[in-house]
Every structure is written in C-alpha cells, then in structure tokens.
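Visitor: Dropping a structure here in structure tokens format, bear with me for questions.
The values are calculated or read from the model by the stated rules, or taken from the named source; none is laboratory data. Predicted model only: the values in this text are computed from it and were never measured. Backbone-built Cβ (ideal geometry, glycine too); neighbour counts: all protein chains shown. When the accessible area is computed, the model is the full protein with side chains, heavy atoms only, and any ligands, DNA or RNA have been set aside. Shrake-Rupley method; radii C 1.70, N 1.55, O 1.52, S 1.80 Å.
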Amino acid sequence: MTTTSVPTGEYLDVPGGRVHLLRGGSGEPLLFLHAAGGAGQWLEFHELLSRRFEVIAPDHPGFGGSDELAEVEAMDDLVYHYLDLIDRLGLDRPHVVGGSFGGWVAAELAVHTPDAVGSLALLSASGLRLPDHPITDLFLLTPEQLAAVLFHDLTKAAAVFPPDPDVDTILAIYRDMTALARFSWTPFLCNPKLARRLHRITAPTLVLWPGEDRLIPVAHGRRFAELIPGAELVIVADCGHAMYFERPEEFARITGDFLAAHELSGVSR
C-alpha cells in the first residue's frame, strides 16, 4: 500500500528524547496525526495529499521511530507536546488531520488551543464516550478478529496484517500497542469530558467516517458533528475503520477538497 515516492525522514530533539517525522509535498502545511497503527509509514493516502499540501506526519511518543518521552504520560501531555511541535516546526495554524486515535489527539488540540488550528479533519476519531455505542476493545481481539473489525473489504487487510510477519514487525506492533495503552487504557479510548468542550473548536471542521466502521461506530461521528460548531459530516459507505488503507483515493479526495476550500490564507487570527 505504500507508494514509490519517498518522503524526507527527520528526527527532532525534544526534551527527553527524539521525535521522528516524515515530510513530503508542497503547499499549505498539513499536520497528520496517525492512528494506533501506521506510525512511520508513508501510505498512498499521504502521497495523494502531498500532491496538494506539505504533509508533515510525526510519530506519537512511543510509536514508530519516536522515543517514549517519559514526561508525556497522558492525553493532556500529548496536547502540549503537539503545541510545542507546531511551534518548533514554525507552523502557523496548519491544517490538522487525525485518524482514529490521532483524531482524538487532533480534537483535544483544537479544544485546548483553538487558534493553533487552521482547519480540522477528524477521520473516524476516538475520544467520545457513548455507552449505547461502545468502541470495540481492540486489546481483546486476536489478529484475525482485529482484521475483521478494521476492514470491510478483507482483501485489503494484508497491508496491515501480513500473513507471515517477521520478528521486527511483531515487535513494532507490540511497541505501538503498548504506547496506545499508555494513553488510552482507562477510560478506554475516550475522555468523558471531551463532549462538553467541543464547542470551543473554531476551525472549519470535517468529520469523515466509514459507513461500516466496526471499531468506532458511526454514532460517534454524528455526535462529533452535532457538538462542533459548523462541522460538516461525510459518511463513506462500504468501508471499514481502516479507511485510508481500504479506500485511500476517496478519503484523500474528500479530505483534500475540504481543506482546499478553507485556505489558510483566509483564516482570520
């Protein structure tokens, strides 16, 4: 699923260690915050967006090529981590796109410091607690069960779940899942206070959801769209949670069109 285009890989020294990021393309800056999986990967989705934007894709602390950063212990620490990273990279109210866990981070960032975000795209974001529509506990699933939860089209699952993973792949997945647990074990993949704070978001916001999401039900997308002022909700039918692995062209097109319609030069300060 990766493309032949090779982005620039960089390491930034930060307090407590280093952060790894990939950068590619040109145009207005787009900060991409990855899901539980996908750290350190330049996917077709990124490649397509990089034809219209400068895509900057850091690995969260403890994921991919980034160090654990012991002082980044919880979601609020991640928010400050990314505020510092935005300043460090010299980004002035960038587009912010977050998928799944990264969507939760993006939403928290836009709630905490609305002026830090030029426009926002939440792709099947976690972060809300809806007791009638719980998020599936991925820590309890076997790889086969997880693939069936993440993908509507299981023929695309080999991109994430290779049939014969080598030791390095297994260790990388274990490290990423350990980092995910660090930030979202309890309460599981949510902040019970987030819903009542979403009204603080001022950036133009796209809420983009796969219609057959068996990890984070579509009800979460509808709730995000109800609570974020002026948010636009788009649901893509016949697609599972692993949306930008399963339907990269469609999700890149919808995301890119929304961001392009909200040029950063037109964002008031």
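Visitor: Taking amide hydrogens as modeled 1.01 Å from N in the peptide plane, which residues meet the under 5 Å criterion relative to R214, leaving out close sequence neighbours?
Guide: H241
Visitor: If we count every other residue with Cβ under 12 angstrom of G17's Cβ, Lys/Arg +1 and Asp/Glu -1, where does the sum land? Write out the running numbers ahead of the final one.
Guide: Values: positive: R18; negative: D13, D59, D67, E68, E71.
Net charge around G17: -4.
Visitor: Quick check on the chain: helices-only [θ] at 222 nm, where DSSP H runs of length 4 and up contribute -39,500 (n - 2.57) each and the sum goes over total residues. Nearest 500, please.
Guide: -9500 deg cm²/dmol
Visitor: Let me ask another. Which FRET efficiency value, to the nearest 0.05, do you get for L83 and I170 by plugging their Cβ-Cβ distance into 1/(1 + (r/R0)^6) with R0 = 35 Å?
Guide: Numbers: r = 34 Å, r/R0 = 0.96.
My answer for the efficiency is 0.55.
Visitor: Then there is this: Subtracting the Cα-Cα distance from 0.36 nm times the residue separation, let me have the gained length for E249 to H199 in nm, one decimal.
Guide: 14.9 nm
Visitor: List the trypsin sites (Lys or Arg not before Pro) in the range 1-86 that DSSP assigns to loop (not H, G, I, E or B) and whose Cβ has at most 15 other Cβ atoms within 10 Å. Which are they?
Guide: R51
Visitor: Taking 2.2 N^0.38 Å as the expected size of a compact globular protein, what ratio does the Cα radius of gyration of the range 84-242 give against it, to two decimals? If you can, show how the numbers build up before the last one.
Guide: On the way: Rg = 16.2 Å, N = 159, 2.2 N^0.38 = 15.1 Å.
Working it through for the range 84-242, the quotient is 1.07.
Visitor: Taking 8 Å as the Cα distance limit and 6 or more residues as the minimum spacing, I'd like the relative contact order of the chain as a percentage.
Guide: Relative contact order comes out at 20 percent.
Visitor: For the range 94-160, what is the Kirkwood estimate of the hydrodynamic radius, computed as the reciprocal of the mean inverse distance between distinct Cα atoms, to one decimal in Å?
Guide: On the way: mean 1/r = 0.0729 Å⁻¹.
One decimal place: 13.7 Å for the Kirkwood radius.
Visitor: Under a 5 Å amide H to amide H cut-off, with H placed in plane at 1.01 Å, what residues pair with L33 once short-range neighbours are removed?
Guide: Hits under the 5 Å cutoff: V97, G98, G99.
Visitor: Separate question: Could you give the length gained on full extension between V149 and R51, defined as 0.36 nm per residue of separation minus the Cα-Cα distance, in nm? Intermediate values should be presented prior to the final figure.
Guide: Details: separation 98, 0.36 × 98 = 35.28 nm, distance 3.07 nm.
32.2 nm is the gain from fully extending V149 to R51.
Visitor: Which ³J(HN,Hα) values, rounded to whole Hz and listed in residue order, are derived for the range 213-220 from phi using the Karplus coefficients 6.51, -1.76 and 1.60 in 6.51 cos²θ - 1.76 cosθ + 1.60 with θ = phi - 60°, glycine and proline given as x?
Guide: 6, 9, 9, 10, x, 4, 4, 5
Visitor: Kindly give Rg over Rh for the range 1-89, based on alpha-carbon atoms, with the Kirkwood expression for the hydrodynamic radius.
Guide: My calculation of the ratio gives 0.96.
Visitor: At most 14 other C-beta atoms within 10 Å and a DSSP loop state: those are the exposed GluC sites (Glu not before Pro) I care about. Give me the longest piece of the chain that has none. All intermediate terms of the calculation are to be shown ahead of the outcome.
Guide: Details: sites that count: E71, E73, E263.
Maximal segment without exposed cleavage sites: 74-262.
Visitor: Using only alpha carbon pairs under 8 Å that are at least six residues apart, calculate the relative contact order of the range 118-269 and give it in whole percent.
Guide: Reported as a whole number, the value is 36 percent.
Visitor: What are the ³J(HN,Hα) values, in whole Hz, obtained from phi via the Karplus relation 6.51 cos²θ - 1.76 cosθ + 1.60 with θ = phi - 60°, for each residue of the range 254-263 in sequence order, with x given for Gly and Pro?
Guide: 5, 5, x, 5, 5, 5, 5, 6, 10, 4
Visitor: Which whole-Hz couplings ³J(HN,Hα) result when phi for each residue of the range 96-104 is put into the Karplus expression 6.51 cos²θ - 1.76 cosθ + 1.60, θ = phi - 60°, listed in order with x for Gly and Pro?
Guide: 10, 10, x, x, 6, 4, x, x, 4
Visitor: A further question on this structure: Just to be sure I understand: of the beta bridges DSSP finds with both ends in the chain, what percent are antiparallel, rounded to 5? Could the numbers behind the result be given before it?
Guide: Details: 12 of 34 bridges.
Here the antiparallel bridges make up roughly 35 percent for the chain.
Visitor: Which of L259, L12, L215 moves the most in a Gaussian network model of the chain with Cα springs under 10 Å?
Guide: Looking only at L259, L12, L215, the biggest GNM fluctuation is shown by L12.
Visitor: Could you identify which residue out of R247, R222, R197 has the top mean-square fluctuation in a GNM of the chain using Cα springs shorter than 10 Å?
Guide: R197
Visitor: Can I ask one more? Just the number, please: carbon plus sulfur as a percent of the accessible area of the range 137-269, 1.4 Å probe, no ligands or DNA/RNA counted.
Guide: 57 percent
Visitor: Which whole-number value in Å² is the accessible area per residue of the range 108-163, probe 1.4 Å?
Guide: Ligands and nucleic acids excluded, the figure is 46 Å² per residue.
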